[in-house]
Every structure is written in C-alpha cells, then in structure tokens.
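Step one of this worksheet: look at the structure below.
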Amino acid sequence: MDSSKKVINVQILNAFAENGKGGNPAGVVLNADELSDKNKLEISKKVGLSETAFVSKSKTEDFKLDFFTPNKQIAHCGHATVATFSYLKQIGALKNDSSSKETIDGKRKIEIIGDLAFMEQLAPKYTDVSHKESIILKSLRLKKTDLIPNTPIQLVNTGNSFVLVPVKSTEVLKNIIPDFDLIKEVSDEFDLIGYYVFSTDTEYDATSRMFGPRYGILEESGTGMAAGPLGCYLFDILKIKKKSFSIQQGKYMKEPSPSLIIVKLRIDDKKIKDLMAGGKGILNRQLRIEINI
C-alpha cells in the first residue's frame, strides 16, 4: 500500500524569552490525537529543535502533552510546556489561568501569571554522585579548584534527572569545553537528561549551561526541568533561603540566546513541597512539515 502524505502545522515559540528576546525555541503541534509515536518522532526530527510538544485530548486533565527530542521521547520538558501553554493562552484555548497537563509521567498543574506560564515540578530527590566527581570534572575539562569550595556536585530530580555542577565564576562557566562522549557515558549510567553547570557569580541568582548529548542536545538555551532542580539546590544545599529564584541560561552558547527562567518554591515546614518553574513564550514562526501516514 502506498503511504499517504500529511502536512502538519508546527508553531515555533521561544520559551523563557528575556525582555522579549532570546529564549529557547520549541515546536508545538496541536490536535495531535491521530499521530503515532513514529509520526511524532519524524516531525520532531524534521523540526530539528531540542524538543517538540504534541497536544491532544486528555480524559483526566485539560490537555495531554507528549514531548519528543529529535531522537527519542522524553517524560517532561519545561520550555516546551511553557511554549505550549503560552500559545494556548494567546489563541484563547485556555478557559482560565489555572490549567493542567497529562504526560507519560503523570499529571502536573499549570499556572498562568500575567503573560508567564508556570509548570509544576515535584519535591526534589537528591542522589550522591561524589564517587564520580573526577569523571564528571574530566567530562567538562574542569579541575576541582574550578568548583565553588566545599559545594558538592549533585544529582537532583524534580521530574527529570540532572547532574548539577557548581562552578566558582561565570568566567569558568563561559570557558567550558565539554567532552560530549564522556557526558553521554555518565548520563547513560545515571539516566540523566544531562548536566546543568552553574555559577552564582552573576546579577541573577544563577547563570547556567545545559549539556544533554544523550538526547541529541549538545547545548540548550533554556531548560525548565533543570532550573527547578537548581532552585532546590540553591535553597537546600547553598542555603539561600528564598522562595523565588531567577536563573539565566543560554548566554554562553556559540550562538547566544539568553533565557530567563523563574523558579517559585513552595515551602512547608522548612522543606520544599513542590515548585513551579516558568517564563514567557513568544510566537516566533510557523512551519509546515510533510510526513508519511
């Protein structure tokens, strides 16, 4: 049987835009109910961005979202969620400012505050990776003296797992030359999305870089699912007792695209109960992708 073709409209939005510029582009496909996982992967490859979100009907929440990188499905994606709900708000598809999404990893609340979209993440889970410190440093071509003194490299999960690496200055952060093969090895071992390397030597609460070669993402300009863990790290490990953190990302990429991610912690009895991470999504352009059905 000859395979038929179908044209799919993909909205491209820049999530976590800072002052109306920069941000991290994500694809958004509405009315994706009839698309198979194979279709979604083909579309994501053709779009060529780090993630594309596919929106379909949910029996339990307002919307069902599936996220695909160019090479595999991913449980959650912060910037694609912000992009999706910003777009749904802009086209009048949200009935009110409180919404929700169903994903392959459960349900999450969504809040719209002004023109910012926030997504719920879980309380942090911390995993000691100190026995791998030397290989993690080697994979970033860093020395122990490049780290913030007496501050651990830590695996943190609020829905997705990232290794957080605290470096002592933005100069160190800017000059990192990653060994992507080695980062992928460590990411495979710990089931990571990637590394989130950050410095607090900045006008923001932190400036960061995300390397995710395991998912085909060499470097990303705005990662909401990594900023959430970093907000928890700043609160729990660096003891910065604030409930809201501003995290910049994307400044030191080869093609800079500064992003601003806001992390709002919900604290109960001095412990992080959960959090909301979000930012602004700006419509960039529309693509028309032809696929085989």
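Of all residues in the range 128-152, those that are more than 18 Å from GLY194 (Cα to Cα) have Cβ atoms under 7 Å from Cβ atoms of residues that are assigned to a helix (DSSP H, G or I), 6 or more apart or on another chain, in LYS143/LEU137; LYS144/LEU137; ASP146/VAL172.
So, in the range 242-263, of the ones that are over 12 Å from ASP205 (Cβ atoms) and among the basic types (Lys, Arg), which residue ends up surrounded by the most Cβ atoms within 10 Å (Cβ to Cβ)? Here the answer is LYS251.
Out of all the residues in the range 19-39, which are in contact (Cβ under 8 Å) with a residue 40 or more places away in the chain and open to solvent by less than 30 Å² (accessible area, probe 1.4 Å)? Listed by number, the residues that qualify are GLY22, GLY23, ASN24, ALA26, GLY27, VAL28, ASN39. Per the listing GLY222, GLY231, the residue uniquely closer than 16 Å to PRO25 by Cα, surrounded by 24 or more Cβ atoms within 10 Å (Cβ to Cβ) and out of contact with any Pro (no Cβ under 6 Å at 6 or more places or on another chain) is GLY222. If the condition is being farther than 23 Å from GLY212 by Cα and part of a loop (DSSP other than H, G, I, E, B), then the range 234-267 contributes ILE237, LEU238, LYS239, ILE240, LYS241, LYS242, LYS243.
Inspect all residues belonging to the range 210-218 and state whether any of them is part of a loop (DSSP other than H, G, I, E, B), among the basic types (Lys, Arg) and open to solvent by 10 Å² or more (accessible area, probe 1.4 Å). No, that holds for no residue.
Residues in the range 49-58 that are of a type outside the set (A, V, I, L, M) and at pLDDT 95 or above: THR52, PHE54, SER56, LYS57, SER58. For beta carbons closer than 8 Å, sequence separation of 6+ or different chains, a first residue in the range 233-248 that is within 22 Å of ASN19 (Cβ to Cβ) and a second that is basic (Lys, Arg) and at pLDDT 95 or above, the qualifying pairs are SER244/LYS264.
Evaluating ASP188 against the criteria (1) surrounded by fewer than 18 Cβ atoms within 10 Å (Cβ to Cβ); (2) touching a helix residue (DSSP H, G or I) at 6+ places or on another chain (Cβ under 7 Å); (3) under 30 Å from LYS273 (Cβ atoms) leaves one unmet condition, (3). For the range 72-92, a tally of residues being touching a residue at least 24 places away in the same chain (Cβ under 8 Å) and not in a helix (DSSP H, G or I) returns 6.
The values are calculated or read from the model by the stated rules, or taken from the named source; none is laboratory data. Treat the numbers as computed from the prediction; the structure is a model and nothing was measured. Every residue, glycine as well, gets a Cβ built from its backbone with ideal geometry; the counts of neighbours run over all protein chains shown. Ligands, DNA and RNA are excluded from the accessible area calculation, which covers all protein heavy atoms including side chains. Shrake-Rupley method; radii C 1.70, N 1.55, O 1.52, S 1.80 Å.
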